[in-house]
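*Asks:* If you scroll down you'll find the structure; I have some questions about it.
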Amino acid sequence: MTQDYLAFLGLFAPRAAAIDVTVWHKHNPILPVRLTDGANLNPSGQIWRRFHLGEWEYKQDPETLDDYEARQF
């Protein structure tokens, strides 16, 4: 019974800092984001993000020739 109370009180204890999520996953931002390498955003190309060392990092796939040609017409 005492363990139940201790578990309940543990819900209000301070929590550890956010864990780094080092896996890149797809992201569709509404506002422009700053890429990790400092490059400008392309109109096409998938944006990826991960949570690393307490902040979000963004990168973008390079634009393929097919993507470029599709934008021209």
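The values are calculated or read from the model by the stated rules, or taken from the named source; none is laboratory data. Bear in mind that the values here come from a model prediction, so they are computed numbers and not experimental data. Ideal geometry is used to build each Cβ from the backbone, glycine not excepted, and the neighbour counts take in all protein chains shown.
*Asks:* Do you know which residues across the stretch 21-51 are modelled with pLDDT of 85 or more, in a strand (DSSP E or B), β-branched (V, I, T) and surrounded by 11 or more Cβ atoms within 10 Å (Cβ to Cβ)?
*Replies:* I47
*Asks:* With modelled with pLDDT under 75, in contact with a strand residue (DSSP E or B) (Cβ under 9 Å, 6 or more places away or on another chain) and not β-branched (V, I, T) as the only criterion, which of A7, A18, A13 stands out?
*Replies:* A18
*Asks:* If I filter the stretch 59-73 for residues that are assigned to a strand (DSSP E or B) and either in contact with a His (Cβ under 6 Å, 6 or more places away or on another chain) or not β-branched (V, I, T) (or both), do I get at least one hit?
*Replies:* Within the stretch 59-73, one or more residues are assigned to a strand (DSSP E or B) and either in contact with a His (Cβ under 6 Å, 6 or more places away or on another chain) or not β-branched (V, I, T) (or both).
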